[in-house]
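In what follows, a single structure is set out as structure tokens and then discussed.
None of the figures in this text is laboratory data; all of them are computed from the coordinates on show. Just so we're clear, the structure is a prediction, and the values are computed from it rather than from any experiment. Please note: Cβ atoms are built from the backbone with ideal geometry, for glycine as well, and neighbour counts cover all protein chains shown.
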Amino acid sequence: MSLENAPPEVKLAVDLIMLLEESDIAPDVVLAALEIVQRDYQSKAHAVTQHAPDNQ
């Protein structure tokens, strides 16, 4: 599969991996940071669904 035709989440994941590898950050630090990012985005996603109008 070409990255050009990949879904946006795959493209973002590849970009993030490249950025983190180029920054030479320890894997345990990366994983801890990603947990923080995940919690933040889960909270944001939850807030969006809570404020979405009902589809009736």
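Counted residue by residue at 0.36 nm each, then reduced by the alpha carbon distance between them, the extension gain from Ala33 to Glu9 reaches 6.8 nm. A simple charge model with +1 on the Cβ of Lys and Arg, -1 on the Cβ of Asp and Glu and nothing else charged puts the dipole of the chain at about 280 debye relative to its Cα centre. The label-point distance for Ala47 and Asp24, in a model that sets each label 7 Å from Cα toward Cβ, rounds to 3.7 nm.
Stokes-Einstein, applied to the Kirkwood radius of the chain over Cα pairs at a viscosity of 1.002 mPa s and 20 °C, places its translational diffusion at 156 µm² s⁻¹. Based on DSSP H segments of at least four residues, each scored -39500 (n - 2.57), the chain has a per-residue ellipticity at 222 nm of -24500 deg cm²/dmol.
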